[in-house]
Amino acid sequence: MIPFNRPCWVGNEAELIAEAFAGQSIAGDGPFGKKTQALLEKQLGVKKALLTTSCTHALEMAAILLNLQPGDEVIVPSYGFVTTALAFFMHGAKPVFADIRPDTLNIDETKLAPLINNRTRAIVLIHYAGVGCEMDTIMEMAERHNLVIIEDNAHGLYGKYKGKYLGTFGALATQSFHETKNITCGEGGALLINDPSYIERAEIIREKGTNRSLFFRGEVDKYTWIDKGSSYVMSDILAAFLYAQMTQKDEIQSKRKMIWEHYDQYLKDWATKNDVHLPTIAECCESAYHAFYLLMPSLNARTHFINYLKENGINAVFHYLPLHKSEMGCKLGGEQYHCPVTEDMSDRLVRLPFFNDISKKELTAVTEAIQKYIV
Ligand SMILES: *Cc1c(COP(=O)(O)O)cnc(C)c1O
């Protein structure tokens with residue numbers, strides 16, 4: 001069976017974990033945590049990167065940083081991960097569900113205006129599959145309405161929009177290092193801070209609501225309870241693993257580009273003949289190559305296609321279910337939102353096996369099986 005995802009090692013993870021053990025400092029913000037944060041800051045050019053226990057927790061930190069008041073609204077894409085909305089709901093926001101563009105499946109910037117009112121505080125974006133949202137329009141809109149932009153950049157690490165890294169546009173951005181992401185440590189994440197006014201409070205929220213970070217830097221003479229927060233710091237064992245992966249990011253990204261291009265090249269003609277659509281990378285974007293997906297002509301066609309691939313030893317999978325129509329989404333009034341593109345794409349999208357060390361043989365097996373299939 002060719003799996004949809006397989007966790008991949010760069011090779012020296014165990015060695016660096018052993019080094020972390022030997023250093024006898026395996027709690028959070030140890031030597032590897034510090035090195036990994038500095039590396040992320042340097043690679044992306046962000047003011048501050050804070051490693052967290054997950055992307056979900058980084059999103060929660062972003063939500064706490066917003067200081068949400070009862071009645072405040074946060075716009076999220078309905079075609080999104082549960083915690084993209086949940087984190088903001090948990091910390092007091094009413095989620096407002098936006099539809100997506102039919103080409104990139106990113107939040108549709110042309111449909112945001114009617115969703116914005118004087119209770120709107122923030123817009124959360126996902127750069128779906130690693131291709132940037134229409135950032136010029138979105139940033140201009142945020143400026144005009146005084147909204148905070150938060151990039152859920154779980155798919156977009158090292159992708160670019162107009163030459164600038166994804167995750168560097170919003171005041172805040174979040175990364176995931178979950179096993180299914182381009183770069184991983186099993187479970188983990190990061191909060192990227194581009195607006196420096198958030199840095200001090202973010203450090204407090206991440207350290208159980210205490211000013212422990214300031215204390216360790218000698219900026220205060222004792223540490224104490226200051227604010228809301230939780231235990232969001234990543235262990236140094238995981239940071240060691242992550243550091244190994246992150247120092248190989250060019251190799252990882254070029255492998256993923258190769259996988260994406262293989263699918264694109266070998267499936268183009270088949271797709272045209274079978275009324276299937278391949279992913280779009282806008283001219284001004286460099287993809288992070290997080291995923292490769294097909295848009296089948298219908299839900300029924302997708303079901304048959306996934307079953308056919310399964311019979312041929314290939315595990316292909318669908319993706320997000322519309323959040324506004326989920327059980328919780330409905331309880332929060334989600335059904336009042338009109339997101340026809342989300343509903344349609346959610347029915348028709350299928351993702352192909354995509355992981356860093358998928359072999360040429362496996363890739364060829366996937367494309368050959370698909371080429372034989374008539375939709
Ligand atoms: C994976 C993912 C998350 C959650 O990441 P965790 O690190 O598992 O919390 C959030 N948003 C998006 C878009 C994701 O793909």
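The values are calculated or read from the model by the stated rules, or taken from the named source; none is laboratory data. Since the model is a prediction, treat every value here as computed from it, not as a measurement. Here the Cβ is made from the backbone with ideal geometry for all residues, glycine too, and neighbour counts use every protein chain on show. Just so you know, the surface numbers come from the protein's heavy atoms only, side chains and all, with ligands and any DNA or RNA stripped out. Shrake-Rupley method; radii C 1.70, N 1.55, O 1.52, S 1.80 Å.
The helices (runs of 4 or more DSSP H) located wholly in region 307-375 that include 2 or more residues which are farther than 16 Å from Y266 by Cβ occupy 327-331, 340-348.
The number of residues in region 73-97 that are open to solvent by 10 Å² or more (accessible area, probe 1.4 Å), away from the ligand (no atom under 13 Å from the Cβ) and in a loop (DSSP other than H, G, I, E, B) comes to 2.
With a requirement of 1 or more residues that are of a type outside the set (V, I, T) and closer than 25 Å to V317 by Cβ, the helices (runs of 4 or more DSSP H) lying completely within region 174-293 that satisfy it span 236-246, 249-273.
Could you go through region 24-34 and let me know if any residue there is surrounded by 24 or more Cβ atoms within 10 Å (Cβ to Cβ) and either touching a helix residue (DSSP H, G or I) at 6+ places or on another chain (Cβ under 7 Å) or outside the structural domain of G333 (by TED's automatic domain parsing) (or both). Looking through region 24-34, at least one residue is surrounded by 24 or more Cβ atoms within 10 Å (Cβ to Cβ) and either touching a helix residue (DSSP H, G or I) at 6+ places or on another chain (Cβ under 7 Å) or outside the structural domain of G333 (by TED's automatic domain parsing) (or both).
Scanning region 201-251 for residues that are in contact with a Lys or Arg (Cβ under 7 Å, 6 or more places away or on another chain) and buried (at least 17 other Cβ atoms within 10 Å of the Cβ) yields I205, G209, G229, Y232, V233, Y243. Would you please name the residue that is nearest to the ligand (Cβ to nearest atom), looking only at residues in region 31-72 that are hydroxyl-bearing (S, T, Y) and out of contact with any Leu (no Cβ under 8 Å at 6 or more places or on another chain)? Residue satisfying both the conditions and the ranking: S54. Within region 171-184, being within 10 Å of the ligand (Cβ to nearest atom) and either open to solvent by less than 70 Å² (accessible area, probe 1.4 Å) or over 21 Å from the mean Cα position of the chain (by Cα) (or both) holds for T174, Q175, S176, F177, H178, T180, K181, T184. Annotation: P322 fulfils all but one of (1) surrounded by fewer than 20 Cβ atoms within 10 Å (Cβ to Cβ); (2) under 22 Å from the mean Cα position of the chain (by Cα); the unmet one is (1).
For region 187-200, a residue qualifies if it is among the small types (G, A, S) and open to solvent by 30 Å² or more (accessible area, probe 1.4 Å), and exactly one does: S197.
Rundown of residues vs (1) of a type in the set (F, W, Y); (2) without any contact (Cβ under 8 Å) to a residue 40 or more places away in the chain, yes/no style:
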| site | (1), (2) |
| --- | --- |
| I281 | no, no |
| S298 | no, no |
| A301 | no, no |
| F305 | yes, no |
| L309 | no, no |
| C330 | no, yes |
| E335 | no, yes |
| P340 | no, no |
| S359 | no, yes |
